[in-house]
Amino acid sequence: MGNVHPSIAPYEVFATQDQSMVIAVGNNLQFTQLCRILTLDNLVKDPMFSTNQARVENRIRLTDILQSRLVTRSSSTWTQLLNEAGVPSGPINAMDQAFTLASQLGLDPIIDGQVANPLSMSATPIETYLPAPSLGQSSQELIEHYHLDDM
């Protein structure tokens, strides 16, 4: 099913006016808020969409309705409105956008010239021991170790 959650709807990728975004509606309150933001309040009481089970059963129709509304505005606009309303959502960022966002959030996405581990733990710091290898750096060693030259 790709980026679509098999038992929750809507919980997937949508196109907007400028880029794709993810919307992850995990409960009926979030669905109500999503519909309010998209000015699709009529969907909340529609039996085809009033429960998560009904939304999953009618996913294709629901996705089409939501998609037609989401393409009218930018991902950043929808993300801001939805997050303020408690609906988990966000843009699908290119690498440069992801690094910019991480920096804006006060994270250090690059440490010692490499991508930092995105995890942080309260009692156990994440340590990086080696830099990322260059392309082919260990090829000969692996060939010899696994006797690949005998094949």
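A short reminder: the numbers here are calculations on the coordinates, not readings from a lab. From a predicted model like this one, the values you see are computed outputs, not experimental measurements. Cβ atoms come from the backbone with ideal geometry, glycine included; neighbour counts cover every protein chain shown.
Between Rg and the Kirkwood Rh of region 11-92, both from Cα atoms, what is the Rg to Rh ratio?
0.93
With a 10 Å cut-off between alpha carbons and a GNM built on the chain, which of M21, M95, M48 moves the most?
Greatest mean-square fluctuation among the candidates belongs to M95.
Could you pull out the longest piece of the chain with no exposed loop chymotrypsin sites (Phe, Trp or Tyr not before Pro) in it, calling a site exposed if DSSP puts it outside H, G, I, E, B and it has at most 12 other Cβ atoms within 10 Å?
1-128
To test your reading of the geometry: what angle, between 0 and 90 degrees and rounded to tens, separates the Cα axis of helix 75-84 from the longest principal axis of the chain?
Compared with the principal axis, the helix lies near 70 degrees.
With an 8 Å Cα cut-off and a minimum separation of 6 or more residues, compute the relative contact order for region 11-92 in percent. Intermediate results must be reported in sequence, preceding the final value.
Numbers: 113 pairs, mean separation 35.9, N = 82.
Result for region 11-92 is 44 percent.
Lys and Arg at +1, Asp and Glu at -1: add these up for the other residues within a Cβ distance under 12 Å of I92 and post the number.
Working: positive: none; negative: E12, D18.
Summing Lys and Arg as +1 and Asp and Glu as -1 gives -2.
When the Cα centres of region 47-95 and region 101-151 are compared, how far apart do they sit, in Å?
35 Å
Report the residue, chosen from Q114, Q97, Q67, that carries the largest GNM mean-square fluctuation when the chain is represented by alpha-carbon nodes joined by springs under 10 Å.
It is Q114.
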